[in-house]
1. I want to confirm something. Restricting to the stretch 31-85 and keeping residues that are of a type in the set (Val, Ile, Thr) and part of a loop (DSSP other than H, G, I, E, B), which single residue is nearest to the chain's Cα centre (by Cα)?
2. Quickly run through the stretch 60-96 and pick out the residues that are touching a Gly at 6+ places or on another chain (Cβ under 8 Å) and over 23 Å from Gln8 (Cα atoms).
3. Kindly establish whether Ala46 is within 24 Å of Lys116 (Cβ to Cβ) and either crowded, with 19+ Cβ neighbours inside 10 Å or hydroxyl-bearing (Ser, Thr, Tyr) (or both).
4. Give the residue that is modelled with the highest pLDDT, with candidates limited to residues of the stretch 1-31 that are of a type in the set (Gly, Ala, Ser) and touching a helix residue (DSSP H, G or I) at 6+ places or on another chain (Cβ under 7 Å).
5. So which of Ala25, Ala100, Ala17 is within 30 Å of Ala137 (Cα to Cα) and not acidic (Asp, Glu)?
6. Only one of Leu103, Leu76, Leu125 is of a type in the set (A, V, I, L, M, F, W, C), over 29 Å from Ala25 (Cβ atoms) and modelled with pLDDT of 95 or more; which?
7. Is there any pair with a first residue in the stretch 121-140 that is farther than 26 Å from Ala38 by Cβ and free of Cβ contacts under 8 Å to residues at least 40 places away in the same chain and a second that is surrounded by 10 or more Cβ atoms within 10 Å (Cβ to Cβ) and among the β-branched types (Val, Ile, Thr) whose Cβ atoms are under 8 Å apart and which are 6 or more apart or on different chains, and what are they?
8. Here is a list: Ala17, Ala81, Ala38. Which entry is out of contact with any Asp or Glu (no Cβ under 8 Å at 6 or more places or on another chain), under 24 Å from Lys124 (Cβ atoms) and either surrounded by 14 or more Cβ atoms within 10 Å (Cβ to Cβ) or without any contact (Cβ under 8 Å) to a residue 12 or more places away in the chain (or both)?
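The values are calculated or read from the model by the stated rules, or taken from the named source; none is laboratory data. Just so it is clear, the model here is predicted, and its values are computed rather than measured. Cβ coordinates were reconstructed from backbone atoms using ideal geometry, including for glycine residues, and neighbour counts include every protein chain displayed.
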Amino acid sequence: MTSTTPYQFGPRDSKQAIEEGLVFAPKFDEHGLIAAMAVDAHTDEALMLAYMNEESLRMTLELGQAVYWSRSRKQLWHKGATSGEFQEVVDIRTDCDQDAIVLRVIQHGGGCCHTKRNNCFYRKLVAPKTGGLVKLALVE
């Protein structure tokens with residue numbers, strides 16, 4: 001799965017251009033990745049956090065479906081290609097310094113999480129008031 005898309009990203013010339021300009025100039029980390037948060041386009045509920053490399057970001061733009069980089073498998077991951085739980089991209093937003101993106105998606109095929117839940121954020125932290133072991137509780 002290789003992208004042959006004509007999409008191009010801009011240079012990271014100046015802070016002014018990055019923060020106020022209208023050309024997308026993503027900042028990939030030292031591993032060539034950028035954080036990509038998927039949220040439900042209708043409810044704004046956080047669905048999952050993944051990473052993209054330049055190729056997967058271009059493929060996402062080309063296909064209109066989320067394609068990530070699997071850090072554990074070290075390969076492209078077209079979300080839903082095997083599970084049927086694909087993400088139709090409504091729009092993509094970037095933060096002020098363009099080192100993170102948010103994909104507003106319509107989740108198809110059931111749950112987003114590999115645990116078959118609606119999202120990957122199904123637990124919350126419970127910190128004891130006096131310190132100690134932080135535990136988890138299911139989000140209701």
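1. Thr43
2. Passing the criteria: Gly80, Ser83, Gly84, Glu85, Phe86.
3. no
4. Ranking the candidates gives Ala25 first.
5. Checking each option against the conditions leaves just Ala100.
6. None of the other options fit; the residue is Leu125.
7. Lys135/Val126
8. Ala38
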